[in-house]
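Below: one structure, written as structure tokens.
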Amino acid sequence: MEIQLPRGTRDILPDEVASWHFLEEKFRSICENYRYSEIRTPIFEHTELFERGVGDSTDIVTKEMYTFADKKGRSLTLRPEGTASVVRAFVEHKMFGDVNQPVKLYYNGPMFRYERPQGGRQRQFTQMGLEAIGSDDPSIDAEVISLAMNFFRSIGLKNISLIINSLGDKESRLKHREALIAHFEPRIDEFCSDCQARLYKNPLRILDCKTDHAHPLVASAPSILDFLNEESKDYFAKVKSFLDAIGINYTVDPTLVRGLDYYNHTTFEIMSDEEGFGAKTTLCGGGRYHGLVQEFDGPDTPGIGFGMGVERVLLALDKAKIEIPDANPLVCYVIAAQPEVEEKIVQLVNRLRMHGISAEKDYQKRKLKGQLKDADRKKAKYTVIIGEDELRTGEYTLKDMATGKQFLVTEDELITTLEKAEGDK
Ligand code: ATP
Ligand code: MG
């Protein structure tokens, strides 16, 4: 066939989808446990939302957006990340007036960035993430981080590390900014054109440049931690002490700066140290931001959140050789001993399904042996064989496929046994 997938996209095939359900289910139950509610926002938004919300000096906005004009000439963009949309919805629906501050929201869905596709980097990828908007209490920072760590623990990923940093408040950042400009200015011509453009716009971002990360001036750049004022130091100390209190290990890395223009105070990344990734890979990144709600014409409101790349988490699970259990194994395959009993098979399979039991039959006119093979292939827990004799006596042979044991049962007993097996899954 000539038409194939667009570059940087993937089909998720039926044999992979159980892993997706597994992650989605875990994330959802953990978020709800921490009292976050789901929000679903549109896949496309006005381009301006991301220009303002992500920042027009970021790689995302300058290079990576899927932007198009609709039939009326409006500029729209496929969302490259989740925070801007969630904050827009927060303002649009006046959630700031809600007495339940902070408003705690989570999301799960596709994001789009025009990047060079490679392992763990796609053009359409999936993020699960969350935002807590309306509180600047440092315990929320610890909570958001612990939720992410708890999620990784619950899916069985052990080789992960947490890196945190503080960007301080506005005052601290301004002082640091001046120091960065003074540091890079004399030799800025040795840097890439992106960094040259960043020097006065957002010099912090030079530290995050993928082209110039090995330049010696990056390593020797002034550390933000030396510029934190008392309030910011105190804030960071509280976040760290809460993390200590709940037993979460972390490393402080003063060079950890993150994409958004609005980040302040806590930033963090969770990396996978799984072998086979080559270098460490970031699974999850997030932090506290201030000014974003105001940017969208809401009241002055702080927020914090993270985004997690689902495809990368799946890669990490794969590298760690973690088997994902089949959440819905087949309980019973109903086998026809003769073609004449087909109608009874249709009826019985229907009855099992009405009782919530997962049941399957043959649709390919297979002989008895072929049906048994098919049941095996589909990993049925039980098979039941029905023929004319069984219809006459009303007693069926139920076979436990794991032990090979067989039982004679009535149809009602069959249902009771299989209901129990379904419940035990
Ligand atoms: P990177 O430095 O890898 O480009 P980023 O800083 O652009 O990451 P964020 O915007 O913080 O990433 O997104 C959060 C998470 O989303 C990342 O840690 C990663 O797991 C995932 N992610 C980002 N871009 C992609 C992509 N193109 N394909 C797959 N996953 C991605
Ligand atoms: Mg990126």
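The values are calculated or read from the model by the stated rules, or taken from the named source; none is laboratory data. From a predicted model like this one, the values you see are computed outputs, not experimental measurements. Note that we place each Cβ from the backbone using ideal geometry, even for glycine, and neighbour counts take in every protein chain shown.
Every residue, every condition in (1) away from ligand 2 (no atom under 16 Å from the Cβ); (2) among the hydrophobic types (A, V, I, L, M, F, W, C); (3) closer than 30 Å to LEU317 by Cβ; (4) under 14 Å from the mean Cα position of the chain (by Cα), yes or no:
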position: GLN118; (1), (2), (3), (4): no, no, yes, no
position: PHE125; (1), (2), (3), (4): no, yes, yes, yes
position: GLU143; (1), (2), (3), (4): yes, no, yes, no
position: ALA148; (1), (2), (3), (4): yes, yes, yes, yes
position: PHE152; (1), (2), (3), (4): yes, yes, yes, yes
position: ILE160; (1), (2), (3), (4): yes, yes, yes, no
position: HIS183; (1), (2), (3), (4): yes, no, no, no
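In summary, strands (runs of 3 or more DSSP E) completely within the stretch 322-425 and bearing 1 or more residues that are under 36 Å from the mean Cα position of the chain (by Cα) occur at 332-336, 382-386. Checking each residue in the stretch 62-91 for being charged (D, E, K, R), free of Cβ contacts under 8 Å to residues at least 40 places away in the same chain and either farther than 18 Å from TYR114 by Cα or not assigned by TED's automatic domain parsing to the domain that holds PRO302 (or both) picks out ASP70, LYS71, LYS72, ARG74.
Taking the criterion of being surrounded by 19 or more Cβ atoms within 10 Å (Cβ to Cβ) and in a helix (DSSP H, G or I), the residues of the stretch 209-239 that qualify are ILE224, PHE227, SER232, TYR235, PHE236, VAL239. For residues in the stretch 96-112 being at pLDDT 95 or above and more than 16 Å from the chain's Cα centre (by Cα), which is surrounded by the fewest Cβ atoms within 10 Å (Cβ to Cβ)? Out of the qualifying residues, it is PRO102.
ARG198 meets each of the listed conditions (1) free of Cβ contacts under 8 Å to residues at least 12 places away in the same chain; (2) surrounded by 14 or more Cβ atoms within 10 Å (Cβ to Cβ) apart from (1). Here the stretch 41-61 is the region considered, the condition is being assigned to a loop (DSSP other than H, G, I, E, B) and over 18 Å from GLY129 (Cα atoms), and the residue that is farthest from ligand 2 (Cβ to nearest atom) is ASP56. Residue-level analysis places LEU23 outside the set of residues that are in a helix (DSSP H, G or I), over 30 Å from ARG153 (Cα atoms) and hydrophobic (A, V, I, L, M, F, W, C). The residues listed here are GLY303, GLY307; of these, the one that is in a strand (DSSP E or B), more than 16 Å from ligand 2 (Cβ to nearest atom), of a type in the set (Gly, Ala, Ser) and touching an Asp or Glu at 6+ places or on another chain (Cβ under 7 Å) is GLY303.
Looking only at residues of the stretch 92-116 that are without any contact (Cβ under 8 Å) to a residue 12 or more places away in the chain and either within 16 Å of ligand 2 (Cβ to nearest atom) or among the hydrophobic types (A, V, I, L, M, F, W, C) (or both), we find that the one that is farthest from LYS26 (Cα to Cα) is ARG116.
When TYR34 is tested against the conditions (1) more than 16 Å from ligand 1 (Cβ to nearest atom); (2) within 30 Å of ARG205 (Cβ to Cβ); (3) not small (Gly, Ala, Ser), the lone failure is (2). Among the conditions (1) on the phi > 0 side of the Ramachandran plot; (2) more than 15 Å from ligand 1 (Cβ to nearest atom), PRO42 misses just one, which is (1).
Within the stretch 24-58, being over 21 Å from the mean Cα position of the chain (by Cα) and not hydroxyl-bearing (Ser, Thr, Tyr) holds for HIS46, GLU48, LEU49, GLU51, ARG52, GLY55, ASP56.
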